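The values are calculated or read from the model by the stated rules, or taken from the named source; none is laboratory data. Quick caveat, the model's predicted, so the values are computed rather than measured. Here the Cβ positions follow ideal geometry from the backbone for every residue, glycine too, while neighbour counts run over all protein chains shown. Only protein heavy atoms, including side chains, enter the accessible area calculation; ligands, DNA and RNA are left aside. Shrake-Rupley method; radii C 1.70, N 1.55, O 1.52, S 1.80 Å.
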Amino acid sequence: MIPFAKNDLPGITEEELVSVYEKMKTPVKRGAVVKWENDFTDSPTVFQKDGVFYMYFIAISKDCSVSGYETHLASSVDLVNWEYRYPVFRRNDLDRWDSRQCAGYAAFKDIAFEGANGLIKPNGSYYLSYLGGNSDGYEPDPLYMGLARSDDPTRASSFVRFDAPILRPDDPDSRPMEKKTLYKSCMFRDELGVTGFPYVNIYNAKAENGTERIFLAVSSDGERWERYGDSHVFDMTEYDPDTLITGDPQIVLVDGLYVMLFFHCAKGRGAYNSFAVSRDLVSWRLWQGKPLVAPEESWENVHAHKPWFVRHRGVNYHFYCVVNDSGERFIALATSE
């Protein structure tokens with residue numbers, strides 16, 4: 001485990017929080033963009049390659065008890081209309097640690113707010129991080145963090161999974177609140193180098209009591225990871241004692257500030273997407289105004305959560321997962337105009 005780096009950086013001001021919100025807000029709800037009849041669709045991560053946008057997303061049969069997460073790919077030229085391409089990771093009977101659950105997320109996307117939205121290639125390869133497990137069901141414990149390498153992120157057959165997890169909840173240096181399951185990871189190259197390492201992995205994990213918090217790991221090469229710090233870096237329990245999940249972080253660099261989109265879920269309330277801001281990836285100030293995305297429309301009246309933000313040609317695109325009281329779960333979109 002790598003200790004947190006010490007610094008004397010100033011805190012985040014209210015004016016900076018407001019500025020970030022104004023830059024990233026997406027008040028226009030566009031509705032469903034990836035919705036399947038027989039499966040739940042979930043957890044979009046979007047990137048651009050050769051002028052086309054691609055979305056990794058995960059799906060699970062509506063009969064979750066005999067199913068598990070799989071990873072799929074869709075494409076779009078306008079970020080609004082999406083065409084399904086093909087599966088990327090399928091479940092199998094090989095009895096590996098990741099045979100029955102394989103939920104993939106784009107790794108090392110350019111995090112600049114006005115960036116090109118492309119994928120960075122550590123070691124000359126593209127990478128896809130994923131949540132892996134070997135039990136059927138909806139997110140059955142334990143789940144591990146895996147990594148796969150490819151020479152073309154849009155060609156499913158090119159991905160080669162690493163043989164073993166890169167992080168496990170039962171690792172010797174696993175921190176007290178991440179010992180049950182590891183969830184979604186957002187890996188990125190940190191141009192500012194605030195941790196002392198070029199690559200950072202921010203992810204949510206579950207404690208033995210079932211609550212989820214956000215943690216960091218760091219890497220010199222993007223493949224071998226060490227935990228950063230002896231504790232989590234963000235937890236909504238500090239603001240709301242009924243918090244169940246602080247999850248699915250994504251980092252966007254806005255005016256030299258790290259902006260972390262995440263979702264918050266508390267007992268008896270719908271999950272929503274908000275953000276916090278930091279200068280060092282460790283000390284965060286929460287935006288406590290209007291959420292970036294929240295359950296508002298009848299078709300998203302249970303949860304509007306699991307963010308993925310893209311800015312393209314001056315427009316904000318906020319992809320998220322909808323759950324409603326009709327038993328639907330699908331990927332929706334909100335935009336700035």
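Taking the criterion of being part of a strand (DSSP E or B), open to solvent by less than 50 Å² (accessible area, probe 1.4 Å), within 20 Å of residue 328 (Cβ to Cβ) and of a type in the set (Ser, Thr, Tyr), the only residue of the range 53-108 that qualifies is 61.
Residues checked against (1) open to solvent by less than 10 Å² (accessible area, probe 1.4 Å); (2) touching a helix residue (DSSP H, G or I) at 6+ places or on another chain (Cβ under 6 Å); (3) touching a residue at least 40 places away in the same chain (Cβ under 8 Å); (4) at positive phi:
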| residue | (1), (2), (3), (4) |
| --- | --- |
| 274 | yes, no, no, no |
| 284 | no, no, yes, no |
| 312 | no, no, yes, no |
| 330 | yes, no, yes, no |
| 335 | yes, no, yes, no |
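Counting the residues of the range 17-52 that are outside any strand (DSSP E or B) and open to solvent by less than 50 Å² (accessible area, probe 1.4 Å) gives 6. When the residues of the range 213-250 are filtered to those that are charged (D, E, K, R) and open to solvent by less than 30 Å² (accessible area, probe 1.4 Å), which remaining residue is nearest to residue 165 (Cα to Cα)? Here the residue is 227. A count restricted to the range 138-172 and to residues that are assigned to a loop (DSSP other than H, G, I, E, B), farther than 17 Å from residue 200 by Cα and open to solvent by 10 Å² or more (accessible area, probe 1.4 Å) stands at 16. Quick one: would you say residue 253 is part of a strand (DSSP E or B), open to solvent by 20 Å² or more (accessible area, probe 1.4 Å) and touching a Phe, Trp or Tyr at 6+ places or on another chain (Cβ under 7 Å)? Judged against the criteria, residue 253 is a match.
Checked against (1) in contact with a Gly (Cβ under 9 Å, 6 or more places away or on another chain); (2) charged (D, E, K, R); (3) not in a strand (DSSP E or B), residue 325 passes all but condition (1).
Within the range 117-132, is even one residue under 20 Å from the mean Cα position of the chain (by Cα) and more than 30 Å from residue 255 (Cα to Cα)? Yes: one or more hits. Just one of (1) open to solvent by 40 Å² or more (accessible area, probe 1.4 Å); (2) on the phi > 0 side of the Ramachandran plot trips up residue 210, so point out which. For residue 210, the failing item is (1). Residues in the range 109-124 that are more than 20 Å from residue 316 (Cα to Cα) and either open to solvent by less than 20 Å² (accessible area, probe 1.4 Å) or in contact with a His (Cβ under 6 Å, 6 or more places away or on another chain) (or both): 122 alone. Total residues in the range 205-243 satisfying the condition of being over 17 Å from the mean Cα position of the chain (by Cα) and not in a loop (DSSP other than H, G, I, E, B): the figure is 8. Figure legend. Inter-residue proximity from the range 62-73: first residues under 11 Å from residue 139 (Cβ atoms), second residues outside any strand (DSSP E or B) and not β-branched (Val, Ile, Thr), beta-carbon distance below 7 Å, spacing 6+ or different chains. Indicated pairs: 64/137; 64/138; 68/91; 68/100; 68/136; 68/137.
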